[in-house]
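K.L.:
Before I ask anything, here is the structure I am working with.
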Amino acid sequence: MKTRREVLRLAGAAAAGAVSAAAAPKRTPAPAPSAAASRPMVKPKTLKQGDTIGLITPSSYVFDTWRVDLAAARMEAVLGVKCRLGRYVKARHGYMAGTEKERLEDLHSMFADPSVSGVFCLEGGYGTERLLPGIDYELLRKNPKVLLGYSDITGLHLAITKKAGLVTFHGPVAMGSMPSWSLAALKKAIFSAEPIGELANPPEDDPNWPVFPLHAVSSGKARGAIAGGNLTLVSTTMGTPWEIDAKGKILFLEDTGEAPYRVDRMLTQMKLAGKFDECAGIVWGTCTECTAAKSSYEVNLSISDILDEILGPLGKPVLAGLVFGHTKEKATIPMGVEAELDAGSRKVAIVEGATLSS
């Protein structure tokens, strides 16, 4: 999958001069359940074969629309479900998959439809943050369903777990890679009501020289509900009503295509905002293609240097190297359920079930 920056660059080039100056859609004010954080989290029902899954595109448009049907067929084949396409999954508004009104309509209609058991995002890119003021959070809370996606879908995870109090799933998108290890991890997360248990990286071709080694940045133990996702989305929602609630949480963070100084900037922002003081612990995933460019201020620090400097002195358990998000293989992480972290032992486990038996 392309990074957000690549998606926007390609979309801008393709759409130059082609986007009309249509008026922005009128937003329906969303309920503001200020007590969402104090309400118990609600969980979706465990999925089973034969269930209907709604496919939506809340972020960037799909360039090759034939692949929408291919993704639906693949989901049906590997999960044994039936797929239903949102009305606007093939729509386009500039670099986004339709207007805000259209994308919200697909999200709301899938949650409101009692015959739909889960809502999978086809891809990420850019655009979910535009939707956050218009989401009917009480509709989602009253009709809990498995919501799946990563990257830009982090915007939905942050807002929905905070405002609706609904457990969501940071995992594969329907149009992304889904090798056998990732598929097994996904099934374990959404087809079983049992806790996922210990999260581990996929088998390595050379265990003595792993591609994704787990590393204890700072030792210690913690327990707390999971929050987080893509670092860029966590950063860009800071200062808004949908910013991450880090108090007592174990933060899972990852990114892709960001130069080290930008990762430094976003982590420093979270530190200055007190998010690392509030959290119980941190699990850093990977930062794929996060390499320095040639400018002098970028070449001095690696991502590991930055993690050591910013996260190491916090006095909190910090584990790095877990494979989730922007990697070919990826774990599925339920947002809002309890996890236990033992960074010194390089272990993190999800100890609470994320779904309810049907």
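K.L.:
Taking other Cβ within 10 Å of each residue's Cβ, how do Ile306, Ile190 sort, fewest first?
P.N.:
Ile306, Ile190
K.L.:
As a footprinting exposure proxy, order His215, His93 by other Cβ within 10 Å, with the fewest listed first.
P.N.:
The fewest-first ordering by Cβ neighbours comes to His215, His93.
K.L.:
Expressed as a whole number of Å, what is the distance separating the alpha-carbon centroids of the stretch 193-212 and the stretch 244-317?
P.N.:
The stretch 244-317 and the stretch 193-212 have Cα centres spaced 22 Å from each other.
K.L.:
Identify unpaired cysteines across the chain, taking unpaired to mean no other cysteine Cβ lies under 4.7 Å from the residue's Cβ.
P.N.:
Cys83, Cys121, Cys279
K.L.:
Still on this structure: Compute the relative contact order of the chain as a whole-number percentage, counting only Cα pairs closer than 8 Å that sit 6 or more residues apart in sequence.
P.N.:
20 percent
K.L.:
Sticking with this structure for a sec: Going by C-beta contacts inside 10 Å, put His326, His157 in order with the fewest on the left.
P.N.:
Ascending number of Cβ neighbours within 10 Å: His326, His157.
K.L.:
Normalized C-alpha radius of gyration of the chain, against 2.2 N^0.38 Å?
P.N.:
Relative to the 2.2 N^0.38 Å estimate, the chain comes out at 0.94.
K.L.:
Might you report the magnitude of the Cβ-based charge dipole of the chain about its Cα centre, with Lys and Arg at +1 and Asp and Glu at -1, to the nearest 20 debye?
P.N.:
It comes to approximately 1000 debye.
K.L.:
If packing is taken as the mean number of other Cβ atoms within 10 Å per residue, what is the order of 40-52, 104-116, 128-140, highest first?
P.N.:
So the peptides 40-52, 104-116, 128-140, ranked by packing, come out 128-140, 104-116, 40-52.
K.L.:
Moving on to the next point. State, to one decimal in nm², a quarter of the convex hull surface area for the C-alpha atoms of the stretch 71-140, i.e. the direction-averaged projected area.
P.N.:
5.0 nm²
K.L.:
Which of Thr154, Thr288, Thr57 moves the most in a Gaussian network model of the chain with Cα springs under 10 Å?
P.N.:
It is Thr288.
K.L.:
Then there's this: Based on DSSP H runs of at least 4 residues, each adding -39500 (n - 2.57), what is the mean residue ellipticity at 222 nm of the chain after dividing by all its residues, to the nearest 500 deg cm²/dmol?
P.N.:
Helix-only estimate at 222 nm: -7500 deg cm²/dmol.
K.L.:
Specify which residue in the list Ser180, Ser115, Leu158 is farthest towards the positive end of the charge dipole of the chain, using unit charges on the beta carbon of Lys, Arg (+1) and Asp, Glu (-1), about the Cα centre.
P.N.:
Ser115
A short reminder: the numbers here are calculations on the coordinates, not readings from a lab. The structure presented is a predicted model; accordingly, all values stated were derived computationally and were not measured. Every residue, glycine among them, receives a Cβ derived from its backbone with ideal geometry; neighbour counts consider all protein chains shown.
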